[in-house]
Amino acid sequence: VFTGSVRTGKAVAKAAAENLVPVSLELGGKDAAIVCNDADVQRSAAGIAWGAFHNTGQNCAAIERVYVEDLVYDAFVAELVAQTQALRTGGSADLAEVGPLCNEQQFNIVRRQLEQAVAGGATVLCGGEPTGEGFGFQPTVVIDAPEDCDLWREETFGPVLPVMKVHSAFEAVDRTNDSPYGLSVSVWGQETGRAQMVGQRCDVGMALINNHAFTGSVPTSPWVGRKDSGTGVTGSHLAMKFLTRPQLVVVDTSKAKELWWFPLNQPVLDIARTALDALVAPLGRRISLTLKLLGLLGKRWS
């Protein structure tokens with residue numbers, strides 16, 4: 001069982017394959033949130049801000065891209081920015097919501113992805129700068145980032161969130177699926193039947209409606225990815241099935257020899273042919289063949 005990066009996960013899988021060892025891999029993600037036109041904008045913004053910025057975005061299931069249907073796009077972005085700006089940062093403050101990144105390497109990845117997006121025409125609506133304390137980086141909301149930039153395509157693992165306007169939730173599904181990752185998605189909308197249908201069309205292991213990623217702490221819920229996000233199951237009874245191998249034990253208490261044992265003789269050939277004929281024969285013919293078969297069985301070992 002391995003949790004970590006895609007690159008290391010593939011190396012683990014290769015090593016396991018040499019010994020035919022089953023392997024469970026929980027790897028990276030580029031999780032999307034889809035905001036529908038009927039979403040509760042304030043609650044959706046609050047949930048998505050948490051999903052994107054808790055643990056400073058250092059979570060395989062962190063929300064790293066948001067697709068918003070056009071009718072609520074402006075209102076949602078304004079609310080998301082307001083809630084993001086209210087977050088407290090700092091590595092030493094007891095009540096800081098967004099702490100520092102884990103190391104310099106990750107800090108540089110986050111900064112590089114953001115700089116690349118801005119160079120391609122992205123607009124930073126809030127944040128976008130180091131906090132000045134260690135590897136701290138401000139929680140950041142970005143719009144108009146080019147679709148081919150790393151901020152949309154590669155795992156960020158940090159507090160930078162790009163947002164895109166879409167014309168429909170199903171356009172958002174297509175964009176969500178256009179990714180090498182497939183861990184989870186959250187769909188936000190008050191018409192839960194429609195939101196559920198949208199989530200089920202996403203090529204991910206987990207789809208949550210009006211919430212995100214909390215099932216990782218629910219032991220009865222399976223945690224599972226698709227594509228480069230890994231294979232196998234963590235959590236729930238399904239994980240136990242994946243991590244065990246079945247063994248079949250059969251005890252035969254019969255004293256008689258089996259029909260198909262040696263030696264072969266003419267009765268066993270007649271039994272086989274009659275049984276095959278009975279399988280494809282019309283009902284009336286099948287009855288007579290069945291009676292014939294019963295007579296042949298008595299001759300098998302005579």
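The values are calculated or read from the model by the stated rules, or taken from the named source; none is laboratory data. What you are looking at is a predicted structure, and each value in this text was computed from that prediction instead of being measured. Neighbour counts run over all protein chains shown; Cβ positions are idealised from the backbone, glycine included. Protein only, heavy atoms only, side chains kept; ligands, DNA and RNA dropped before computing areas. Shrake-Rupley method; radii C 1.70, N 1.55, O 1.52, S 1.80 Å.
Going through (1) open to solvent by less than 30 Å² (accessible area, probe 1.4 Å); (2) of a type outside the set (Gly, Ala, Ser); (3) in a loop (DSSP other than H, G, I, E, B); (4) free of Cβ contacts under 8 Å to residues at least 40 places away in the same chain one by one, Leu95 falls short only on (1). Reported count of residues in the range 135-156, each being out of contact with any helix residue (DSSP H, G or I) (no Cβ under 6 Å at 6 or more places or on another chain) and within 15 Å of Val98 (Cα to Cα), is 3. Gly51 satisfies every condition listed in (1) touching a residue at least 12 places away in the same chain (Cβ under 8 Å); (2) in a loop (DSSP other than H, G, I, E, B) except (2).
When restricted to residues that are open to solvent by 70 Å² or more (accessible area, probe 1.4 Å) and either hydrophobic (A, V, I, L, M, F, W, C) or under 49 Å from the mean Cα position of the chain (by Cα) (or both), the range 255-268 contains 4.
Under the condition of being charged (D, E, K, R) and either modelled with pLDDT of 95 or more or in a helix (DSSP H, G or I) (or both), which residue from the range 238-254 is least open to solvent (accessible area, probe 1.4 Å)?
Here is the first cut: in the range 238-254, the residues charged (D, E, K, R) are 241, 245, 252.
From what's left, either modelled with pLDDT of 95 or more or in a helix (DSSP H, G or I) (or both): 241, 252.
On the way: Lys241: 136, Asp252: 97 Å².
Restricting to residues being charged (D, E, K, R) and either modelled with pLDDT of 95 or more or in a helix (DSSP H, G or I) (or both), the top hit is Asp252.
Which of the residues belonging to the range 27-57 are open to solvent by 10 Å² or more (accessible area, probe 1.4 Å) and of a type in the set (Phe, Trp, Tyr)? Of everything in the range 27-57, just one residue is open to solvent by 10 Å² or more (accessible area, probe 1.4 Å) and of a type in the set (Phe, Trp, Tyr), namely Trp50. Tell me, please, whether a residue that is outside any helix (DSSP H, G or I) and open to solvent by less than 30 Å² (accessible area, probe 1.4 Å) can be found in the range 106-121. No, the conditions are met nowhere in the range 106-121.
Can you tell me which residues in the range 267-284 are assigned to a helix (DSSP H, G or I) and of a type outside the set (A, V, I, L, M, F, W, C)?
Keep residues of the range 267-284 that are assigned to a helix (DSSP H, G or I), which gives 267-280, 283-284.
Matches in the range 267-284: Pro267, Asp270, Arg273, Thr274, Asp277, Gly284.
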